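Some notes on the structure that comes next.
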């Protein structure tokens, strides 16, 4: 109807392990979403500035201040803030905090609670806190599948560059601690002559599965 003001979508946090939905008392006035890359410097003597190499992306960090006020309710404000700070606790089944979903309107962010700094700013006559702010930081959660085979973690393949004098067995000794594992590398890279590797060649090193 004309003149009606659309209702602001309330922010809430979902504990995806239990299904519990924690609604914040007031939407944050603002939030920040920080992201970036990890870059490594390659030290080469004599250069004014070292070459850089991309290593990996950084998980995004969502930061905000949440405000809680229970003065008019005559209640301890901690009954509203404790469900949020409790998300820092680890689960017995995973020994890690729960995976969360922060939702505000069309924005959703899969994450874990990284930090929750609580500040009490108003108290009842008996000293009960009735107003609080929570500075929270959520770290983005990304699913990573890690297989287990014969007692070994099967990691994602990595890449190494051949240097002068390298053989497949010497590389296997370096990355696996076992030169007899040279066949894993040879098979992954279709190498016919394991003793003749061109310097500078990039080799895929498969995960450390059992022989």
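Each value in this text was obtained by applying a stated rule to the coordinates, not by laboratory testing. Here the structure is a predicted model, which is why all the values come from computation and not from measurement. Heads up, the Cβs are rebuilt from the backbone with ideal geometry, glycines too, and the neighbour counts pull from every protein chain shown.
Here are a few things to note about the model shown:
- Fully extended contour minus Cα-Cα distance, from residue 23 to residue 125, at 0.36 nm per residue: 34.0 nm
- Measuring r between the beta carbons of residue 101 and residue 40 and using R0 = 35 Å, the FRET efficiency lands at 0.60.
- In nm, spacing of pseudo-spin labels at residue 108 and residue 195 (7 Å Cα→C-beta vector): 5.9 nm
- Taking only Cα atoms of segment 15-108, radius of gyration then Dmax in Å: 20.4, 69
- Label selected from (i) 45, 38, 31; (ii) 76, 74, 29; (iii) 80, 48, 45, the criterion being Cα extents along the principal axes in Å as computed here: (iii)
- Segment 22-93 and segment 98-123 have Cα centres separated by 8 Å.
- Virtual spin-label span in nm between residue 90 and residue 63, 7 Å along Cα→Cβ: 2.6 nm
- Antiparallel DSSP beta bridges within the chain, as percent of all bridges there, nearest 5: 100 percent
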